[in-house]
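The values are calculated or read from the model by the stated rules, or taken from the named source; none is laboratory data. The model shown is predicted, which means the values in this text are computed figures rather than measured ones. When we count neighbours, we look across all protein chains shown, and the Cβ atoms used for this are built from the backbone with ideal geometry, even at glycine. Just so you know, the surface numbers come from the protein's heavy atoms only, side chains and all, with ligands and any DNA or RNA stripped out. Shrake-Rupley method; radii C 1.70, N 1.55, O 1.52, S 1.80 Å.
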Amino acid sequence: MGKIAFSPSINSEDNIEQLQTTNWQLKNIENNETVNFNDFNDKVVFINFWATWCPPCRAEMPMIQDLYNTYKNKVEFVMLTNEDWDKVNTYFSKNNYDLPVYNSINTPPENFTKTTSIPASYLIDKNGKIRVSKVGSAKWNSKKMTDFIDKLIAE
């Protein structure tokens, strides 16, 4: 029996962290393009650390894909794995996923290294504040979450 995923909690005002740095190099593993996280400044960003072999990651992936289908032109999606494109592409092809997947070239901001568990997901507002942080699978396409993302986009 699968685990039930709940909508992630939105961080309370006194629990909101500022990103320590946005100078973080990423490589898009599909096209080998290098991106600096600075390029996403002034945008809402959804970050997910995951792997193809991780059952909770696989459990939440359809909900993330659903979120991506709704917000791909309004939110930057950064799906981070340490796996290569062949492995990811096989998994994505089998499941009809088309999320943008990256490897980290240098060490991620300290905010993201506090946990080594995956999946670990973060929703960052346009000012670099982490508004949602969730370790474990979550229901990312819930009405509560889409309402909150709409609010962050409008800010």
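The figures follow:
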quantity	calculated
Counted residues, segment 48-65 - those being of a type in the set (D, E, K, R) and within 22 Å of ILE130 (Cβ to Cβ)	1
ASP39 vs. criteria assigned to a loop (DSSP other than H, G, I, E, B), acidic (Asp, Glu) and without any contact (Cβ under 8 Å) to a residue 60 or more places away in the chain	no
Segments classed as strands (runs of 3 or more DSSP E), wholly inside segment 65-137, with at least 3 members that are open to solvent by less than 10 Å² (accessible area, probe 1.4 Å) and touching a Lys or Arg at 6+ places or on another chain (Cβ under 6 Å)	none
